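Colleague: Attaching a single structure in structure tokens format; questions to follow.
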Amino acid sequence: MSALKRLPFFVILMGFGAAAMLVPAAHGAIMEDFMTMRVFFYGFILFSILTLLIGLATAGYAPQSVARSQLVALLAAFTVLPFMFAVPFAEAVQNTTYLHAWFEMVSSFTTTGATLYENAGRLTPSLHLWRALVGWLGGLLIWITAVSIFAPMNLGGFEVRAAVASGRGTVRSFAQIGAIADPTERLLRYSLALAPIYTGLTFALWVGLVILGEFPYIALCHAMSVMSTSGISPINGLYFAASKFWGELLIFGFFAFALSRLTFSRGLTGEGEGGLRRDPEFLTALVLIGTVTGLLFLRHFLGASESETGDSLQEALAALWGALFTVTSFLTTTGFESHYWNGAADWSGLETPGMFLIGMALMGGGVATTAGGVKLLRIYALYRHGEREQERLLHPSSVGGGGKEARRIRKQGAYISWLFFMLFALSIAAIMLMLSLTGVQFETAMVLAVAALSTTGPLATFAAETPIAYSGIPDGAKVILAAAMVLGRLETLAIIALFNPEIWRR
């Protein structure tokens with residue numbers, strides 16, 4: 001443990017990434033896929049040696065700025081590590097390019113889940129397991145760094161509850177933390193606290209799916225994808241899953257860990273004394289899920305009533321469940337479609353507009369979870385601010401209640417949330433413009449930009465009027481989307497904070 005404390009954060013991540021290659025190597029040996037086994041085992045040896053050499057060269061490195069070094073290390077993790085992950089993947093696939101393998105690894109590690117291999121049979125089971133494992137590791141990294149890096153700096157959504165703006169005035173408090181504790185020690189402490197929870201929940205979901213009739217290999221991939229909200233599946237989703245409704249019901253319960261950090265990290269950030277019943281993120285999620293599901297079901301119900309093609313109670317309940325599961329899945333930016341989602345369209349004869357799913361993915365899940373998007377806490381802050389402004393129009397002399405924290409969320413929190421929302425919208429416009437310059441059509445560029453920035457890759461398949469194949473876009477567009485995935489995963493405010501002069505001062 002003391003040896004790890006002397007190593008830079010990025011070197012530690014390299015070591016864990018190299019060690020993870022043993023998993024597909026072992027799986028390949030069990031499946032008698034010896035080509036994949038050799039490639040990943042050689043990759044483990046190569047990158048373990050490289051990690052050892054870099055570790056020896058950087059041991060004892062003392063950063064001048066704690067905030068700068070950790071943000072740069074996190075940015076390097078999502079931009080550099082996929083190059084390492086892609087080497088054995090490209091060699092094992094054989095009939096692919098390194099660019100495609102790198103895109104796949106960026107998509108997996110950022111928990112986006114966009115894939116260039118729409119035909120699931122093109123990849124061996126060990127390669128699908130590697131995609132799911134890389135996504136799972138990316139989700140674990142987000143859990144740990146959210147409370148150990150973003151929370152002290154008031155970034156990643158924590159700025160909504162802070163008394164000062166993001167990236168300004170927060171460096172001093174973070175420097176005080178760094179003055180009494182080594183940054184690596186802080187990361188290790190939260191890793192030891194959160195990694196067992198993350199692993200245990202994944203194991204519990206895996207065992208539960210197996211008990212409900214799912215094949216162990218598919219259940220493991222889906223369990224890792226749900227916990228990381230990557231939406232990676234070796235069978236292209238849940239439609240062909242053997243566990244059917246009961247498997248979806250179990251997965252639905254685990255979506256809660258992407259809606260609020262209080263479900264797994266209560267007390268780590270000094271918040272959440274009231275529990276989920278008073279958590280604004282969880283309550284906002286329930287309202288959004290209930291409202292959108294109700295609207296979708298009502299639309300299909302009216303369509304079925306007019307067409308008189310279906311009056312079965314079973315069809316109605318299946319349509320209701322399909323809407324409830326899929327809406328929640330896209331709100332958490334997982335992107336799994338319910339087996340009964342298309343049944344609603346067959347029942348009513350109406351297609352479901354993809355804009356519903358795009359809107360849910362844009363709003364995203366909870367702060368400090370693996371979900372992407374704008375985040376529910378920012379949506380809540382904007383709603384409370386709008387509610388207060390409307391109240392002031394009706395009663396100019398009224399005084400807003402709720403205490404000091406509520407006033408801060410309605411004022412400073414809403415202000416920084418609006419700034420982030422505008423930056424997010426401008427990012428979508430910029431990505432769309434760059435994609436259009438590569439020859440991508442406007443509607444396709446819009447869906448792809450939202451999918452990348454919200455880290456919800458399956459949007460391209462389910463939200464577009466016709467499914468979009470990532471393999472069919474130009475190589476330049478793939479590079480742009482990969483950069484957008486990293487931007488969406490780290491968020492714009494964190495990238496801007498790297499250019500804050502206060503962070504670069506001694």
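Colleague: Using the basic label-point model (7 angstrom from Cα toward the beta carbon), what is the GLU185 to ALA430 distance in nanometres?
Modeller: 3.8 nm
Colleague: Of the peptides 372-380, 91-99, how do they stack up when ordered by the mean number of other Cβ atoms within 10 Å, highest first? The partial results should precede the final answer.
Modeller: On the way: 372-380: 25.1, 91-99: 14.8.
Most protected by this proxy first, the peptides run 372-380, 91-99.
Colleague: Rounded, prolate or oblate: which fits region 6-117, taking a ≥ b ≥ c as square roots of the Cα gyration tensor eigenvalues, rounded meaning a/c under 1.5, else prolate when a/b beats b/c?
Modeller: Oblate, because a/c is 1.5 or more while a/b does not exceed b/c.
Colleague: For VAL287 paired with GLU389, estimate the spin-label separation in nm (one decimal), with each label point 7 Å from Cα along the Cα-to-Cβ line.
Modeller: Simple spin-label model gives 1.6 nm for this pair.
Colleague: Also, I was wondering about something else. Among PHE10, PHE336, PHE203, PHE301, what is the fewest-to-most ranking by other Cβ atoms within 10 Å? Before the final figure, lay out each step's value.
Modeller: Values: PHE10 21, PHE336 30, PHE203 13, PHE301 17.
Going from least to most buried by this count: PHE203, PHE301, PHE10, PHE336.
Colleague: From Cα pairs below 8 angstrom and at least 6 apart in sequence, can you work out the relative contact order of the chain, rounded to a whole percent?
Modeller: Value for the chain: 17 percent.
Colleague: As an exercise, use a Förster radius of 60 Å and the Cβ-Cβ distance of ARG278 and ARG122 to find the FRET efficiency, rounded to the nearest 0.05.
Modeller: The calculated FRET efficiency here is 0.80.
Colleague: Another one. Order by neighbour count: LEU187, LEU437, fewest other Cβ atoms within 10 Å first, most last.
Modeller: Numbers: LEU187 21, LEU437 12.
Fewest to most other Cβ atoms nearby, the residues stand as LEU437, LEU187.
Colleague: Which whole-number percent gives the relative contact order of region 378-477, counting Cα pairs below 8 Å spaced six or more residues apart?
Modeller: On the way: 69 pairs, mean separation 20.9, N = 100.
In percent, rounded to a whole number, it is 21.
Colleague: Is the shape of region 340-398 best called rounded, prolate or oblate, per the rule: a/c under 1.5 gives rounded, else a/b larger than b/c gives prolate, else oblate, with a ≥ b ≥ c the square roots of the Cα gyration tensor eigenvalues?
Modeller: oblate
Colleague: Which distance in nm do the two modelled labels at ALA406 and LEU50 give, with both placed 7 Å along the Cα-to-Cβ direction?
Modeller: Result: 5.4 nm between the two label points.
Colleague: Something else about it: Hey, can you list the DSSP H helices of the chain whose Cα span along the axis is 24 Å or longer and whose average Kyte-Doolittle score is at least -1.0? Don't skip to the answer; put the middle values down first.
Modeller: On the way: long enough: 34-58 (35 Å, 1.87); 66-93 (39 Å, 1.63); 125-145 (30 Å, 1.10); 183-211 (41 Å, 1.01); 280-307 (40 Å, 1.08); 313-331 (27 Å, 1.34); 376-394 (27 Å, -0.68); 414-437 (34 Å, 2.21).
Helices meeting the span and hydropathy rule in the chain are 34-58, 66-93, 125-145, 183-211, 280-307, 313-331, 376-394, 414-437.
Colleague: For each of ASP475, ASP279, count neighbouring Cβ atoms within 10 Å of the residue's Cβ, then give the residues from fewest to most.
Modeller: ASP475, ASP279
Read-outs: derived from the displayed coordinates by stated rules, not from any lab. Here the structure is a predicted model, which is why all the values come from computation and not from measurement. Reconstructed Cβ throughout: ideal geometry from the backbone, glycine too, with neighbour counts over all protein chains shown.
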